[in-house]
1. Contour minus end-to-end for D68 and T169, with contour as 0.36 nm per residue of separation and end-to-end as the Cα-Cα distance?
2. Using only the alpha-carbon atoms, how far is helix 91-101 inclined from the longest principal axis of the chain? Give it as 0 to 90 degrees, nearest 10.
3. Express as a percent, rounded to the nearest 5, the fraction of DSSP beta bridges in segment 151-272 (both residues included) that run antiparallel.
4. Rank the residues L44, L186 as a footprinting-exposure proxy: fewest other Cβ atoms within 10 Å of their Cβ go first.
5. What's the FRET efficiency of K100 with V303 using the Cβ-Cβ distance as r and R₀ = 45 Å, to the nearest 0.05?
6. Once you treat every alpha carbon in the chain as an equal point and sum by Debye, what is log10 I(q)/I(0) at q = 0.10 Å⁻¹?
7. State, as an integer percentage, the relative contact order of the chain based on alpha-carbon contacts under 8 Å between residues 6 or more apart.
8. By count of other Cβ within 10 Å, fewest leading, how are V141, V252 ordered?
Amino acid sequence: MIEVENLVKWYGQTLAVDNLNFTIPRGQIVGFLGPNGAGKTTTLRMLTGYLPPTSGRVTLDGHDVLTDSLRARAKIGYLPESTPLYPEMRVEEYLHYRGKLHRMDRDTRRRRIDTVCDQCGLAQVRRRLIGQLSKGNKQRVGLAQAMLHEPPVLILDEPTAGLDPNQITHVRELIDQLRGEHTIILSTHILPEVERLADRLMVIAGGAIVAQGTPEELRSSVSAGSRILIEVNAQPQDVSKALGQVSGVKQVETATNDGWCRATVTPKDNADPREAIGQTALHHGWTVREMRYETASLEQFFVQVTAQQGRAATEDAA
Ligand code: ATP
C-alpha cells in the first residue's frame, strides 16, 4: 500500500506539487492524468524516492521512501519518462547489469530475464544492441528492467509516449496482464489510454488533485453531462413548453434548423427522460426527424476540470 501525506514540491519559486494526499491500496491500477506541467513526473519521482519532497512524506508498506529507501525501493519498479538506457549494451547485458544493482544472484537473474523478455516481447531482440532498437522496443526494455526484480509496485511515467498505435496496444495489454499481481501507477495525458485500464483515475492540474474516482464515477460527475438532441416539426415555443414539463428534464434549449425545431434537452442528475420525451412527441403528433443521446466522454470531463483549475489559478494571480 502506498500512502502519500501532505506532499509538496517547490522548484525555486515554482510550486510543482501542492499538498497531495492519497492512498493506493495493493493491486490497484491508478491512472495519473494531467496536462503538460501538471506535476505528474515530479510526483512520481517523489513516490519512487528519487526526488526529495520539500515537505510531506511517502510510505510504501510502512517504509518511508526517503529514510528507509533501500527497503522501499526494492518494492518499486520505475519506468522514468525518458529511460536512461545504455545504447552500447545488449538487451540481456543491460538487464544483467540492472539485476546486479538489485543484488540478484546469477541464477535468479537468468530466470527473471527469460521471464521479463517473454512478457515484454523482447525474446527476438535480447541479443541486440539497445542503441539499434526501435523506440517501441527500447520502451519494452525499460518496462522489462522495471519488472525484473519482481517489485509489487510499478510506477510508469508515460509508458506509451512516442509509440505507434500497435506498440501502444501492446504496452496496454502488457499492463493489463500485470493486473492483480502488481500495484501500478501510470501517468499519461492521453485519456483513452487509461480509461479502460485503470481502476481509479486521479486528475492532477497545477500540482493538485482536481478530481478522482473510477472512470465510471468521473464520467457520471461531468456537469456538462449527457444531452438529448431532438428535431421535430413544431413551433420552438411549443416544444420548449412541452418538453420543459417532462419529468427528469432540467433544461430545454431550442433553435430552428431548416424549418425544423431542434431542441437540446439537459436531463436532471441521473435521470434518463428519453422515453418520456418520445411519448411527448407522439402525444403532440410531432414528426421526429432525429433523436440522439449524447453521453459525456471522460475526455470532456478532463478538459473541463483542468480548464477550471487553470481559470482558478489565473483568478488567484489577478
Ligand atoms: P509533462 O507531462 O510535460 O511531463 P508533468 O505533469 O510531468 O508534465 P512536471 O514535469 O512534474 O509536470 O512539472 C511540474 C512543474 O514543475 C512545471 O511547471 C515544470 O515547469 C516545473 N519543473 C519540473 N521540473 C523542474 C526542475 N527541475 N526545475 C524547475 N522547475 C521544474
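1. Values: separation 101, 0.36 × 101 = 36.36 nm, distance 3.65 nm.
Extending this stretch completely gives an extra 32.7 nm.
2. The helix 91-101 is inclined about 80 degrees to the chain.
3. Roughly 75 percent of the beta bridges in segment 151-272 run antiparallel, per DSSP.
4. Working: L44 23, L186 26.
So the residues, fewest neighbours to most, are L44, L186.
5. On the way: r = 46 Å, r/R0 = 1.02.
Rounded to the nearest 0.05, the efficiency is 0.50.
6. Values, matching the q order: -0.69.
7. Numbers: 575 pairs, mean separation 59.9, N = 318.
Reported as a whole number, the value is 19 percent.
8. Details: V141 26, V252 21.
By the 10 Å Cβ count, ascending: V252, V141.
Every read-out reported here was derived from the displayed coordinates using simple, explicitly stated rules and does not represent laboratory data. Bear in mind the structure is a predicted one, so any value in this text is a computation, not a measurement. Ideal geometry is used to build each Cβ from the backbone, glycine not excepted, and the neighbour counts take in all protein chains shown.
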